[in-house]
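FYI, it's all coordinate maths here, none of it is from the lab. This structure is a prediction, so every number in the text was calculated from the model and none was measured. Heads up, the Cβs are rebuilt from the backbone with ideal geometry, glycines too, and the neighbour counts pull from every protein chain shown.
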Amino acid sequence: MNRNDRSIVSFVMIGHGMVHLYELSIPILMTIWLLEFSVTAAVLGGAVAIGYGLFGVGALPGGLLVDRYGSRRLIVVCLTGMGLSFLVLSFASGIVGIAIAVSLWGLSASIYHPAGLTLISNGVTERGRGFAYHGMAGNIGIAFGPLITAVLLLGFDWRIVAMALAVPALLAAAIGTIVEFDPTAAVESEEAIAKGPSGPGSLSEFLTETRRLFTVAFLFVFAVVALNGLYYRGMLTFLPDLLSEFLRSTVGDIQPGFIDSDSPFAETFDAAQYLYVGLLVVGIGGQYLGGWLTDRIEPDRGLVGMLACLTIIALGFVPAVQIGVWGLLAASSLLGFAMFAMQPLTQATIAKYSLPDSRGLSFGYTYLAIFGIGALGAAIVGTIRTYGTTSSVFFVLAAFSTLAGTLALILVSRR
């Protein structure tokens, strides 16, 4: 990577890691709020769900803003908004205050993916490695956000923890205003470079730009990422519960020797949570592999192969568990590796089938599909988990990846 690539990638890695660190710190804080504010899980879940919903829905208007005002400015706004939202959270006196603060976080964070991915697409010459390092930073935030928050809560009140979590984002926002890089260094079209940030300025321009973006090929890409979003959200939402069930069936209850059986920690310890974190950490390697492949093969061809792997893993997960604990560990590791290896390939495919001057809009639409439509995966899997069997959960997930892989294969064949 050249100096410009390193500057951009370092900047977006910080931003991406923080987005997911805050995203996964909120569920840990919820365990404290349930006790402090004496609310039901349904009420608190509904309040927090507003912010998470805005995180997905806001990606499309975020993409429009990126094309109009540029990625750097929007990432700085994102980081500043996330930091301020946690400052607001530290002063929340009830469920309404929490809902407002988390909604502010969701609106701020929704800007990030269109902005960060547009910056990599247009500014990083080694795009595959850029997407890989960017994704690895996101996985670090996903895996260690809950851990950092939980450790801080051991010694400090949750309000102090929220205030402390606000500081890194505000510092990163300040750094983002002075770091030097060329945001269009990798764009081949001189016309696009000269044009600079634009984006639709009215509803008619927005509709025109949308029609220009949604070629038949991009429509296929949109469908593929939506189906992959259903797989991703459906799998990750209920995987801790599934892993807990699988561990009990293979090795029974696990209680580490360093925890006293009469200690309050013994009641809350769940080995499945640590297996889940381990799976997310393995995903860091998957992100690197996906980026490596992106620089060596056509990303849409890579999608076909990786979606086939996800189908095989889903179909083989329950049989692997029946082998024993080693089968469970192997299946979990392969799942974490393949699921996150998808991300650089997906992002490079989106960039491939969109134009440089509308990258923000393209990532806005596709991340609306991944986080918005994909959110239905949790509802679908939750329903099947309630009324069906464990095996049927994995069959449905395999159906999502199979259909996505079929559409990706048609996309490659059309080209």
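For the peptides 137-146, 96-105, the ranking by packing is 137-146, 96-105, with the highest mean count of neighbouring Cβ atoms within 10 Å listed first. Could you give the distance between the Cα centres of segment 343-415 and segment 61-104, to the whole Å? Result: 26 Å between the Cα centres.
Could you give the length gained by full extension between ILE323 and ASP295, i.e. 0.36 nm per residue of separation minus their alpha carbon distance, to one decimal place?
Details: separation 28, 0.36 × 28 = 10.08 nm, distance 3.69 nm.
Value of the extension gain: 6.4 nm.
Here the 3J(HN,Hα) profile of segment 127-132, calculated from phi with Karplus coefficients 6.51, -1.76 and 1.60 at θ = phi - 60°, is 4, x, 5, x, 4, 5 Hz, Gly and Pro shown as x.
Site pair ARG414 and LEU35 shows an inter-label distance of 5.4 nm when each label is modelled 7 Å from Cα along Cα→Cβ.
On full extension of the chain, what length is gained from ALA174 through ASP157, given 0.36 nm per residue of separation minus the C-alpha to C-alpha distance? Walk me through the intermediate numbers first.
Details: separation 17, 0.36 × 17 = 6.12 nm, distance 2.70 nm.
Length gained, ALA174 through ASP157: 3.4 nm.
About the centre of its Cα atoms, the chain shows a dipole size close to 900 debye [charges on the beta carbon of Lys, Arg (+1) and Asp, Glu (-1) only; nearest 20 debye].
Would you kindly state how much longer the chain becomes between LEU376 and MET1 on full extension, computed as 0.36 nm times their sequence separation minus their alpha carbon distance, in nm to one decimal?
Numbers: separation 375, 0.36 × 375 = 135.00 nm, distance 3.84 nm.
Extending this stretch completely gives an extra 131.2 nm.
In terms of the Cα gyration tensor, with a ≥ b ≥ c the square roots of its eigenvalues, is segment 1-199 rounded because a/c is under 1.5, prolate because a/b exceeds b/c, or oblate? Because a/c hits 1.5 or more and a/b exceeds b/c, segment 1-199 counts as prolate.
Derived scalar couplings between HN and Hα for segment 299-314 equal x, 5, 5, x, 4, 4, x, 6, 5, 5, 4, 5, 5, 4, 5, 5 Hz in order, rounded to whole Hz, by the Karplus curve 6.51 cos²θ - 1.76 cosθ + 1.60 (θ = phi - 60°), x for Gly and Pro.
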